[in-house]
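The values are calculated or read from the model by the stated rules, or taken from the named source; none is laboratory data. Predicted, not measured: the structure shown is a model, and the values here were computed from it. Every residue, glycine as well, gets a Cβ built from its backbone with ideal geometry; the counts of neighbours run over all protein chains shown. These accessible areas exclude ligands, DNA and RNA; they are computed on the full protein's heavy atoms, side chains included. Shrake-Rupley method; radii C 1.70, N 1.55, O 1.52, S 1.80 Å.
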Amino acid sequence: MDTSNPNAEHLAWCGLIALNMARKAGTVNSPAQENLFLCRWLATAEKQRLFKRELADDIRWLQKEGREKGMRADLPGKMEYLWRASKGDLLEQNDLFRLQHVMHAIKMTGINYAVLSENEWEGRHAVRISPRVPGLYLRRLNLDTGFDESGWQIQKLSARVTSDLMALDTLLTRAGWKREPDKTTPLLHYLVSNQNNENPIAGEAINCPVEGLHSECQG
């Protein structure tokens, strides 16, 4: 999906407003109902041509995601991401919030994404990562200790990357993050916030579990 399209913000905003109204009216009371509501809303938008032609592919893609994946598609989350990314205020959010949106966008592209435990990250039980399969894998330990209580980064995040690096860099840059390749270990990279002016990455980490990023790899 092209978040640089100014019409994308309007599509997402309308979808979120419609969903919120349905929630308040009591017609939507569960994640399953939210998914069904947005699928029907998108179908109506397509049938009645409520949005500009440039959004036709995005609307069809969102419908397909909702139909095929059900609740796992997280259509409300996709709408929220599309709205914030298109709206331009994403860079005003804290580091953790912006990273969550990067990972959400990565999932939207179909790239494999997972958060690995220490046993999965290294050692004899480590997950075998194929360079031929596009993916991004984060180290759980870094996520748990890499942010302070306000969501600002205090440690670099280790990541193993097999996806297209230019495409990944584009997503990271839009969200105020950057990638630094490790000079000695293949596929190993470090993710660093570009917005971290008042909270330099140094010193002892504060233990701050990051449930949002952990849950991104579920389902």
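Residues in the stretch 37-53 that are in a helix (DSSP H, G or I) and open to solvent by less than 80 Å² (accessible area, probe 1.4 Å): 9 in all. Checked against (1) farther than 15 Å from Arg98 by Cβ; (2) among the basic types (Lys, Arg); (3) out of contact with any Gly (no Cβ under 8 Å at 6 or more places or on another chain), Arg174 meets all criteria but (1). May I ask you to list the residues in the stretch 113-151 that are among the hydrophobic types (A, V, I, L, M, F, W, C) and outside any loop (DSSP other than H, G, I, E, B)? Scanning the stretch 113-151 gives Ala114, Val115, Leu116, Trp121, Leu136, Leu138, Leu141, Leu143, Phe147. Can you find a residue that is in contact with an Asp or Glu (Cβ under 6 Å, 6 or more places away or on another chain), modelled with pLDDT of 95 or more and part of a strand (DSSP E or B) anywhere in the stretch 152-172? Yes; the residues of the stretch 152-172 include at least one that is in contact with an Asp or Glu (Cβ under 6 Å, 6 or more places away or on another chain), modelled with pLDDT of 95 or more and part of a strand (DSSP E or B). Given the condition open to solvent by less than 30 Å² (accessible area, probe 1.4 Å), at pLDDT 60 or above and touching a His at 6+ places or on another chain (Cβ under 8 Å), answer yes or no: does some residue in the stretch 188-208 qualify? Checked against the condition, which is being open to solvent by less than 30 Å² (accessible area, probe 1.4 Å), at pLDDT 60 or above and touching a His at 6+ places or on another chain (Cβ under 8 Å), the stretch 188-208 yields no hits at all.
Note on the stretch 80-95: residues that are touching a residue at least 12 places away in the same chain (Cβ under 8 Å), under 22 Å from Ala12 (Cα atoms) and open to solvent by less than 40 Å² (accessible area, probe 1.4 Å) total 5. Considered as a group, the residues in the stretch 96-132 that are modelled with pLDDT of 90 or more, among the aliphatic types (A, V, I, L, M) and open to solvent by 20 Å² or more (accessible area, probe 1.4 Å) include one that is farthest from Met166 (Cα to Cα), and that residue is Ala126. Residues in the stretch 54-79 that are open to solvent by 60 Å² or more (accessible area, probe 1.4 Å) and in a helix (DSSP H, G or I): Glu54, Asp57, Arg60, Trp61, Lys64, Arg67, Glu68, Lys69, Met71, Arg72. Here Gly88, Gly77 are screened, and the one residue that is at positive phi and modelled with pLDDT under 90 is Gly88. Residues in the stretch 11-36 that are without any contact (Cβ under 8 Å) to a residue 60 or more places away in the chain and crowded, with 16+ Cβ neighbours inside 10 Å: Cys14, Ala18, Ala22, Val28, Glu34, Asn35, Leu36.
For the stretch 139-158, the set of residues classified as within 18 Å of the chain's Cα centre (by Cα) and open to solvent by 60 Å² or more (accessible area, probe 1.4 Å) consists of Arg140, Trp152, listed by residue number. I'm checking my understanding of the structure. Among residues of the stretch 37-61 that are among the hydrophobic types (A, V, I, L, M, F, W, C) and touching a residue at least 40 places away in the same chain (Cβ under 8 Å), which one is farthest from Ser86 (Cα to Cα)? Of everything passing the filter in the stretch 37-61, Leu38 is farthest from Ser86 (Cα to Cα).
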